[in-house]
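Trainee: I have a structure I would like to understand better, so I am pasting it below and will then ask my questions one at a time.
Please treat every number below as a calculation from the coordinates, not as lab data. Computed from a predicted structure; not experimentally measured. A quick note on method: Cβ atoms are made from the backbone with ideal geometry, for glycine too, and the neighbour counts reach across all protein chains shown.
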Amino acid sequence: MNARVQMFARAKELAGRDFVELTLPDGATVTDLRRALAEAVPGMAPLLPHVMIAVNLEYASDGAKIPEAVALACIPPVSGG
């Protein structure tokens, strides 16, 4: 399946773009998505264990399946004061 992942904050900076296009196997999980992102954007690998992945506007656990035609987002941790 083709997946388009929207990047935010530090993930967007590391990717150098707003979206990352990936090909995932059918039945892929959020863990598979993290692996594919690490392969597509190696500079993101250290950040990926700490990001939240949103599937259709809801945070998803690593074991969550990714359906076809879904909205995906990679949201790194943020800090502020």
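Trainee: Scanning region 46-68 for residues that are without any contact (Cβ under 8 Å) to a residue 40 or more places away in the chain and touching a Pro at 6+ places or on another chain (Cβ under 7 Å), which turns out nearest to Ala11 (Cα to Cα)?
Mentor: Leu47
Trainee: Can you tell me how many residues in region 6-43 are farther than 15 Å from Ala73 by Cβ, surrounded by fewer than 16 Cβ atoms within 10 Å (Cβ to Cβ) and among the aliphatic types (A, V, I, L, M)?
Mentor: Residues flagged as farther than 15 Å from Ala73 by Cβ, surrounded by fewer than 16 Cβ atoms within 10 Å (Cβ to Cβ) and among the aliphatic types (A, V, I, L, M) within region 6-43 amount to 1.
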